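Presented below is the structure to which this report refers.
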Amino acid sequence: MKSECQLLWDKCLSIIRDNVPEAAFKTWFQPITPLSFDEQKVTIRVPSPFFYEYLEANFVNVLRMAVPKVFGQGVSLNYRVMGEEGADDASSAATTRAAAPRPGVSRMIQTPFTQVAPEELDSQLNRRYTFDNFFEGVTNKLARTAGVAVSNDPGKTTFNPLFIYGPSGVGKTHLCHAIGLRIRQMHPEKRVLYVSAHRFRIQYTDAVIKNTSNDFLNFYQSLDVLILDDIHELVGLNKTQMAFFHIFNNLHQLGKQLVLTADKAPVDMQGLEERLITRLKWGLTAELGRPDAELRRTILRNKIEAEGLVLSDEVFNYIVDHVTDNIRDLEGVLVSLMANSLINNSPVDMAMAQRVVGQTVRVENKELSIEKIQEKVCRFFNLEESLVQTPSRKREIVQARQITMFLAKKYTSASFSRIGKVVGGKDHATVLHACKTVKDQMDINKNFRSTVEAIEETLRS
């Protein structure tokens with residue numbers, strides 16, 4: 001016989017099912033197990049920490065609507081991760097965000113500058129995002145190394161500000177939290193704050209409306225480390241930019257550390273004031289690129305071990321080969337596979353992997369990238385990709401590097417300079433020479449031509 005908690009949760013699911021797509025309902029809500037309910041809170045169990053984070057990021061509104069409607073107003077929703085029965089980290093983090101506002105009371109966005117004592121400052125850092133699980137690869141080495149240096153000696157290195165840029169999902173936010181957490185660990189006396197540009201803007205607007213702008217500025221100027229995520233969201237907001245400009249100047253002059261992220265480099269940002277852009281370029285600008293195959297394998301392997309999921313080599317390689325754009329997609333595919341495996345009570349096979357990956361990325365329209373070509377060439381010659389990035393003059397490594405450059409020019413729209421930068425950090429002239437060498441060899445050497453054609457065939461698979 002079903003418990004009261006289960007019966008009420010079933011009613012919640014009925015409401016949720018009417019408000020989300022069927023595929024989303026099966027993937028993200030059916031695997032949930034209700035655990036307990038009292039007058040203040042309902043506790044549910046989810047398969048993994050990422051599963052909880054995905055719910056909070058994408059379905060929190062429907063949960064806020066369904067939970068109070070069934071369980072009562074003011075009831076909070078807590079999460080417990082499967083296999084961590086005694087852990088309340090996720091639960092406590094979720095309580096405030098998932099709780100529905102009481103009728104007639106507007107939901108206030110918390111502003112950290114209202115804190116009355118330094119020790120009460122909440123740094124807004126996620127303890128799960130550390131350097132230990134931010135794995136190093138060719139595309140993130142500079143940014144990660146600079147982040148560690150800043151963490152060890154905030155405000156004292158030439159990396160101030162540290163400006164990190166890259167496309168969505170490559171780990172900018174993770175690195176921000178890792179930097180903040182390491183600083184808190186090594187320098188507990190430092191006042192550290194992580195804040196998104198979106199929240200910064202809302203806080204500033206709220207301060208202007210309430211005539212507390214001086215309090216806003218005083219709070220931010222009292223920080224030792226300011227980590228501002230997604231500064232590109234301040235584009236076009238001149239007054240907010242001006243407020244940040246004054247905060248930046250004050251902190252920098254006092255030797256305080258600034259860490260900033262955006263989707264593009266300062267030189268490519270339009271809509272920010274020129275004098276602000278100039279200041280963003282004062283320190284180190286480091287790019288976080290899309291993860292290469294070796295980094296994707298490392299990340300996927302570690303997440304599989306952490307979640308206790310079993311994948312065959314065939315499925316593992318299929319995911320690595322097709323989910324190439326960012327780490328967030330990689331995590332999403334893994335969580336979806338776990339949910340599907342749990343719902344269907346079956347192991348993850350190739351058919352399931354192809355279906356889930358196909359729902360996440362456009363497999364059939366996947367455009368070739370330089371990184372993808374490099375990966376295929378190295379796999380063909382049974383070489384580690386990292387070897388192509390070295391200055392080694394060994395014949396087999398030089399040949400792999402030159403063929404990669406030749407095929408990158410043939411199958412992508414990248415310039416010679418861009419190809420050289422990705423493939424071993426070479427210059428325009430080196431790439432031009434490599435393309436000519438490969439073409440000449442193909443014209444006179446039948447075996448060599450067959451090798452290149454065989455590699456091209458793997459690019460189409």
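The values are calculated or read from the model by the stated rules, or taken from the named source; none is laboratory data. Predicted, not measured: the structure shown is a model, and the values here were computed from it. Backbone-built Cβ (ideal geometry, glycine too); neighbour counts: all protein chains shown. Surface areas here come from the heavy atoms of the whole protein model, side chains and all, with no ligands, DNA or RNA. Shrake-Rupley method; radii C 1.70, N 1.55, O 1.52, S 1.80 Å.
Evaluation of H187 against the conditions (1) within 24 Å of the chain's Cα centre (by Cα); (2) open to solvent by 10 Å² or more (accessible area, probe 1.4 Å); (3) not acidic (D, E) shows that the sole unmet condition is (1). Counting only residues that are among the charged types (D, E, K, R) and either in contact with a Cys (Cβ under 7 Å, 6 or more places away or on another chain) or surrounded by fewer than 19 Cβ atoms within 10 Å (Cβ to Cβ) (or both), region 47-64 holds 2 of them.
Test F416 against the criterion of being modelled with pLDDT of 90 or more and of a type outside the set (A, V, I, L, M), and give yes or no. In short, no. Would it be correct to say that T360 is free of Cβ contacts under 8 Å to residues at least 24 places away in the same chain and open to solvent by 50 Å² or more (accessible area, probe 1.4 Å)? Considered against the rule, which asks whether it is free of Cβ contacts under 8 Å to residues at least 24 places away in the same chain and open to solvent by 50 Å² or more (accessible area, probe 1.4 Å), T360 comes out as no. If the condition is being under 23 Å from V422 (Cα atoms) and open to solvent by 30 Å² or more (accessible area, probe 1.4 Å), then region 282-317 contributes L284, T285, E287, R290, E294, R297, T298, N317. Scan region 399-407 and tell me whether some residue there is at pLDDT below 90, surrounded by 13 or more Cβ atoms within 10 Å (Cβ to Cβ) and not assigned by the TED database to the domain that holds T298. No, there is no match, as no residue in region 399-407 is at pLDDT below 90, surrounded by 13 or more Cβ atoms within 10 Å (Cβ to Cβ) and not assigned by the TED database to the domain that holds T298. Restricting attention to region 419-432, the residues being open to solvent by 80 Å² or more (accessible area, probe 1.4 Å) and either within 28 Å of the chain's Cα centre (by Cα) or basic (K, R) (or both) number 1.
Looking only at region 3-46, count how many residues are among the polar types (S, T, N, Q) and out of contact with any strand residue (DSSP E or B) (no Cβ under 7 Å at 6 or more places or on another chain). Matching residues across region 3-46 total 5.
In this structure, does E22 turn out to be open to solvent by less than 50 Å² (accessible area, probe 1.4 Å), acidic (D, E) and either under 15 Å from L337 (Cα atoms) or without any contact (Cβ under 8 Å) to a residue 12 or more places away in the chain (or both)? When the stated conditions are applied, E22 does not pass them. Taken residue by residue, region 44-59 has no member that is of a type in the set (K, R), modelled with pLDDT of 85 or more and more than 29 Å from the chain's Cα centre (by Cα). Consider region 203-222 and keep the residues that are among the hydrophobic types (A, V, I, L, M, F, W, C) and open to solvent by less than 40 Å² (accessible area, probe 1.4 Å). The one that is nearest to L258 (Cα to Cα) is F219. Kindly check whether there is at least one residue in region 343-355 that is within 17 Å of E294 (Cα to Cα) and either surrounded by fewer than 16 Cβ atoms within 10 Å (Cβ to Cβ) or at pLDDT below 85 (or both). So far as region 343-355 goes, no, none of its residues is within 17 Å of E294 (Cα to Cα) and either surrounded by fewer than 16 Cβ atoms within 10 Å (Cβ to Cβ) or at pLDDT below 85 (or both). Test L334 against the stated conditions and say whether it is within 23 Å of V81 (Cβ to Cβ), within 16 Å of the chain's Cα centre (by Cα) and of a type in the set (A, V, I, L, M). The answer is yes for L334. Just one of (1) in contact (Cβ under 8 Å) with a residue 24 or more places away in the chain; (2) open to solvent by 10 Å² or more (accessible area, probe 1.4 Å) fails for I164. It is (2). Is it true that F416 is over 16 Å from F381 (Cβ atoms) and either aromatic (F, W, Y) or crowded, with 19+ Cβ neighbours inside 10 Å (or both)? Against the criterion (over 16 Å from F381 (Cβ atoms) and either aromatic (F, W, Y) or crowded, with 19+ Cβ neighbours inside 10 Å (or both)), F416 qualifies. Listed by position, the helices (runs of 4 or more DSSP H) inside region 276-386 whose residues that are touching a Gly at 6+ places or on another chain (Cβ under 7 Å) number at least 1 are 293-307, 327-344, 350-360.
Among the residues of region 230-250, count how many are β-branched (V, I, T) and open to solvent by 40 Å² or more (accessible area, probe 1.4 Å). Residues in region 230-250 being β-branched (V, I, T) and open to solvent by 40 Å² or more (accessible area, probe 1.4 Å): 1 in total.
Close contacts from region 288-310, counting a first residue that is in contact (Cβ under 8 Å) with a residue 60 or more places away in the chain and a second that is not in a loop (DSSP other than H, G, I, E, B) and not aliphatic (A, V, I, L, M), with Cβ to Cβ under 6 Å and a gap of 6+ residues or different chains, come to L288/K172; D292/E371; A293/E375; E294/E385.
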